[in-house]
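Working notes, structure below.
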Amino acid sequence: MNIAAPSADIMKVTVQRYRPEQDNEPWLQHYQVPFSADTSVLEALQHIKDHLDPSLSFRWSCRMAICGSCGFMINGVPKLGCKAFLRDYSELHIAALDNFPIERDLISDISGFVENLETIKPYIIRDDPQELDTSQPINQAFIQTPAELSLYQQFSQCINCGLCYAACPQFGRNPDFLGPAALALASRYNRDSRDQGQEQRALFLNAEEGVWSCTFVGYCSEVCPKQVDPAAAINQGKAASTTDYMLNLLSLSKSGEKE
Amino acid sequence: MLSSQSKPQRQYPRSHEPIVWSLFGAGGMVVAFLLPAAVLITGFIAPLGVAELPILSYSLALEFCRSWWGSLFILVCIVLPAFHAAHRLYHGMHDLHLRGANWLMLTVFYGGASGLACATLFYLWILRH
């Protein structure tokens with residue numbers, strides 16, 4: 001059996017600290033972290049917390065790019081800590097995600113993002129709500145073909161890690177912008193053959209805070225760890241919103257002018 | 001869920017961006033497909049004498065400009081790219097954090113493109129009279 005010898009490599013890791021009860025603003029702390037070829041950034045942070053500085057706070061859970069908890073700015077790029085490895089860097093600078101308030105150390109306050117997610121009604125909507133009444137026995141199946149599934153499957157892979165929000169310059173300048181993940185999720189439900197909520201969601205999508213704040217920078221799709229491609233979803237949403245705008249001018253559309 | 005109940009409902013007025021975005025999209029198509037050929041022919045091939053193009057003789061060119069389809073071609077080649085550029089610059093200024101008063105930016109960029117459209121229409125009208 002070929003077992004690699006423990007590596008003696010040491011990397012300088014700079015971590016952004018912010019403890020609201022003591023610090024007026026974020027500051028930088030340096031650590032020396034031993035690593036081998038398979039050490040992830042998340043493991044480096046865990047090493048710091050376990051062996052060097054128990055006061056360091058960061059969010060994590062699954063260690064395998066499923067939970068979306070460990071998003072950080074790693075050398076200025078939004079990445080998941082569990083999906084970035086020390087072997088790819090000569091020096092590390094880890095900070096909380098851009099464009100969000102910092103709660104503590106590397107923990108971002110993503111409640112604004114969660115509110116945006118709620119806004120776009122990310123669930124199956126039916127014209128007849130009784131069809132979804134869970135207190136009644138299920139009496140019908142909403143059959144979907146593989147072709148219908150493939151229309152939205154890509155956009156349903158989002159793990160709500162917030163990397164696209166840290167990458168988006170428009171969200172950084174205007175937190176009212178619903179943002180990449182929320183708009184991609186709106187697209188996911190609008191494309192679902194079982195959903196009938198397009199008109200309700202059009203109200204948000206047609207607004208400046210909806211698809212129209214996007215200038216197609218495309219960095220959201222570049223940093224997405226699940227290849228969701230929110231930039232494509234938003235720009236296809238612009239085409240849909242334009243069609244709806246023109247239909248509305250001709251008074252053929254039922255959506256967007258309510259409330 | 002709590003936050004959406006405790007907060008007053010946000011208003012989401014419809015954006016009028018689709019108008020300028022449509023012009024931007026159409027202009028992008030013209031810039032990508034039509035303009036390179038037009039620039040190549042009128043800017044390089046004809047003036048450098050690479051090929052003899054009788055259509056670019058004065059009388060035939062004037063006839064082209066006076067025809068309705070020639071006027072349409074010139075209009076499409078000038079106005080749509082102008083709106084494309086105006087839209088790019090307007091949002092590019094925003095991306096570069098160079099943001100003045102919004103009415104001023106709208107006037108300079110979309111107003112400029114509209115002015116160019118009017119000037120083109122006026123010039124085409126003069127050619128026909």
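For A:Arg104, what residues show an amide H to amide H distance below 5 Å, using hydrogens built from the backbone and excluding near sequence neighbours?
Amide H neighbours of A:Arg104, under 5 Å, 5+ apart: none.
What total accessible surface area, summed over both chains, is buried at the interface between chains B and A, computed with a 1.4 Å probe and given in Å² to the nearest 100?
2200 Å²
Using the basic label-point model (7 angstrom from Cα toward the beta carbon), what is the B:Leu34 to B:Leu89 distance in nanometres?
Each label point is offset 7 Å from its Cα along the Cβ direction, giving 2.0 nm.
Determine the order of A:His47, B:His129, B:His16 by accessible area, beginning with the largest, at a probe radius of 1.4 Å.
From most accessible down to least: B:His129, B:His16, A:His47.
I want to check the label-to-label distance for A:Glu131 and B:Cys65. Put each point 7 Å from Cα in the C-beta direction and report it in nm to one decimal.
Taking the simple label geometry, A:Glu131 and B:Cys65 are separated by 6.1 nm.
Top to bottom by accessible area (1.4 Å), largest first, where do A:Ser61, A:Ser108, B:Ser114 land?
Of A:Ser61, A:Ser108, B:Ser114, the descending order of accessible area is A:Ser61, B:Ser114, A:Ser108.
I need the calculated FRET efficiency for the pair B:Leu106 and A:Ile138, taking r as the beta carbon distance and R₀ as 51 Å, to the nearest 0.05.
Efficiency for this residue pair is about 0.45.
Taking each residue of A:203-216 in turn, how many C-beta atoms of other protein chains fall within 10 Å of its C-beta, and what is the average?
Partner-chain Cβ atoms within 10 Å, mean over residues of A:203-216: 4.
On average, how many beta carbons from a partner chain sit within 10 Å of the beta carbon of a residue in B:15-26?
Per-residue shielding by partner chains comes out at 5.
Give me the one-decimal Kirkwood hydrodynamic radius in Å for chain B, with the sum taken over alpha-carbon pairs.
17.7 Å
Ignoring everything but the protein chains, give the 1.4 Å probe accessible area of A:Lys121 in square angstrom, nearest 10.
About 50 Å², rounded to the nearest 10.
Counting only heavy atoms of protein chains, what accessible area per residue, in Å², does region B:57-129 have with a probe of 1.4 Å?
Ligands and nucleic acids excluded, the figure is 63 Å² per residue.
Name the shape class, rounded, prolate or oblate, that the alpha-carbon gyration tensor gives for region A:107-156, where a ≥ b ≥ c are the square roots of its eigenvalues, rounded holds for a/c under 1.5, and otherwise prolate holds if a/b is larger than b/c and oblate otherwise.
oblate
Using Cα pairs closer than 8 Å and at least 6 residues apart in sequence, work out the relative contact order for region A:172-259, in percent.
Over region A:172-259, the number comes to 34 percent.
Pull the list of the protein assembly as shown cysteines that no other Cys approaches to under 4.7 Å, Cβ to Cβ.
Taking the Cβ cut-off of 4.7 Å, the unpaired cysteines of the protein assembly as shown are A:Cys70, A:Cys82, A:Cys158, A:Cys161, A:Cys168, A:Cys214, A:Cys224, B:Cys65, B:Cys77, B:Cys118.
May I ask you to derive the relative contact order of region A:17-130, considering only C-alpha pairs under 8 Å and at least 6 residues apart, and to give it as an integer percent?
In percent, rounded to a whole number, it is 25.
What's the FRET efficiency of A:Ser36 with A:Val217 using the Cβ-Cβ distance as r and R₀ = 41 Å, to the nearest 0.05?
Once rounded, the FRET efficiency stands at 0.65.
Relative contact order (percent) for region B:57-129, with alpha-carbon contacts under 8 angstrom and 6 or more residues of separation?
Details: 38 pairs, mean separation 32.3, N = 73.
Answer for region B:57-129 is 44 percent.
Show me the three semi-axes of the equivalent ellipsoid for the protein assembly as shown, from the C-alpha gyration tensor (sqrt of 5 times each eigenvalue), largest first, rounded to whole Å.
Each semi-axis is the square root of five times an eigenvalue, giving 48, 31, 21 Å.
Can you give me the % of accessible surface on the protein assembly as shown that is carbon or sulfur? Probe 1.4 Å, all protein chains present, nothing else counted.
Using a 1.4 Å probe with all protein chains present, the protein assembly as shown comes out at 61 percent carbon and sulfur.
Cα atoms only: what Rg and Dmax, in Å, come out for region A:146-259?
13.9, 42
Shape of region B:57-129 from its Cα gyration tensor (a ≥ b ≥ c, root eigenvalues): rounded if a/c is under 1.5, otherwise prolate when a/b > b/c, or oblate?
Working: a/c = 4.62, a/b = 2.83, b/c = 1.63.
It is prolate, given that a/c is not under 1.5 and a/b is the larger ratio.
The values are calculated or read from the model by the stated rules, or taken from the named source; none is laboratory data. Just so it is clear, the structure is predicted and the values come from calculations on it, not from any experiment. Backbone-built Cβ (ideal geometry, glycine too); neighbour counts: all protein chains shown. Ligands, DNA and RNA are excluded from the accessible area calculation, which covers all protein heavy atoms including side chains. Shrake-Rupley method; radii C 1.70, N 1.55, O 1.52, S 1.80 Å.
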